[in-house]
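Encoded as structure tokens, the structure appears first; notes follow it.
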Amino acid sequence: HTTAKMTQIENPVNKLIINILVLEGLLKGKPLEGIALAVGFSLSYDREYEMQADILASKILARAGYDPRHFANFILYLEERKGKKETWTWLSTHPASSERYHQINKEAKTFALSAKSARNTPAFSSFKKKLSLLPRTFSIAEFDKRRENKKLNEGIYGRVGLPSSKTKSYVEGRIFKVDIPENWEVVKEDLEEVWISTKGAYGKDGITHGVIIGTSTTKTTNLEIEIEALAKRFLGESQPKLERVPNVKIGSRDGFSVFTVRNSRITKQREVVSFYATFVNSKSLLYVILVIPQEELGDYNFTFLNILNSITLEAGK
């Protein structure tokens, strides 16, 4: 497209038209209008080439056994997600989504779907299986929510109340659901994990009371190795002293757990940090990190047990 566009721009006739549009604007005393018309004329070639790309993509889909009309529907879906109407199409590098939709549907009537669909090949089935093992990606809304979350850095450490006996549900996309105390809140979210704490227990240096739940890709099929690596990353220690907890369950799944007792970097008092993990599938791990001052452990045992028992993996994972 770049080569074709440069060829069109270097065309003497096109150069003349662009110069005339600019000059006409100057003569009218409206130089910006002339420049805008010249830019619009130049961009018309971009729109033409993008339409050609849509038609070519539709042909490739048809040859592979896919109905290109689904491609047209997807273009409209993306436009709806943008949440704003198209304006000034003549200054756009792409045709209007509605125009692309109608053109693809028009061309699709002339294509014959291949009887030998790519979906029926062993290679396709193998690749589809590999994709199904990867963690779910995030929607645009989820990305925006995570970028805007600033509670952790804005928190002020202080008096921490006991966790409420009433609970509310937190759902992480289609990955997991968990019940947390009603007076706890999400204080940090990123693409891998969620931090849940309560007023007075979080700030820019981390949490003193709360839970961190996340997923990560695995390097081994050994839970003990995976959870030790997790503990080392979180604690920032190469050889942390970890004690194993026997007979662990995360929801209905068998898991593995270790804990350590250390001096909190925030309160300077002794705290207990517990790590729990279970496999989501052969390539993905669900983990839970519990943080609590050692002297308050008895007040939180029931809460933490309820959190662990309430975790359910979504979408049949």
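General remarks:
- Elements of type strands (runs of 3 or more DSSP E) in segment 180-265, at least 2 residues being charged (D, E, K, R): 185-189, 243-245
- Only one of the listed residues (314, 271) is surrounded by 13 or more Cβ atoms within 10 Å (Cβ to Cβ) and at pLDDT 95 or above. That residue is 271.
- Lone qualifier among 215, 220 - being under 21 Å from residue 179 (Cβ atoms) and either within 24 Å of the chain's Cα centre (by Cα) or of a type outside the set (Lys, Arg) (or both): 215
- Counting the residues of segment 266-317 that are assigned to a strand (DSSP E or B) and touching a strand residue (DSSP E or B) at 6+ places or on another chain (Cβ under 8 Å) gives 23.
- The residues of segment 159-203 that are farther than 26 Å from residue 266 by Cβ and either crowded, with 19+ Cβ neighbours inside 10 Å or aliphatic (A, V, I, L, M) (or both), listed by number, are 171, 175, 176.
- Residues satisfying the criterion are absent from segment 257-267 (criterion: in contact with a Phe, Trp or Tyr (Cβ under 9 Å, 6 or more places away or on another chain), exposed (fewer than 13 other Cβ atoms within 10 Å of the Cβ) and among the basic types (Lys, Arg)).
- Selection of segment 297-309 for residues being touching a residue at least 60 places away in the same chain (Cβ under 8 Å) and either in contact with a Phe, Trp or Tyr (Cβ under 6 Å, 6 or more places away or on another chain) or surrounded by fewer than 16 Cβ atoms within 10 Å (Cβ to Cβ) (or both) yields 299, 309.
- Residue ID - nearest to residue 287 (Cα to Cα), chosen from residues in segment 202-253 that are among the small types (Gly, Ala, Ser) and touching a residue at least 12 places away in the same chain (Cβ under 8 Å): 214
The values are calculated or read from the model by the stated rules, or taken from the named source; none is laboratory data. These numbers were taken from a predicted model, which means no experiment stands behind them. Glycine also receives a Cβ, built like all others from the backbone with ideal geometry; neighbour counts cover every protein chain displayed.
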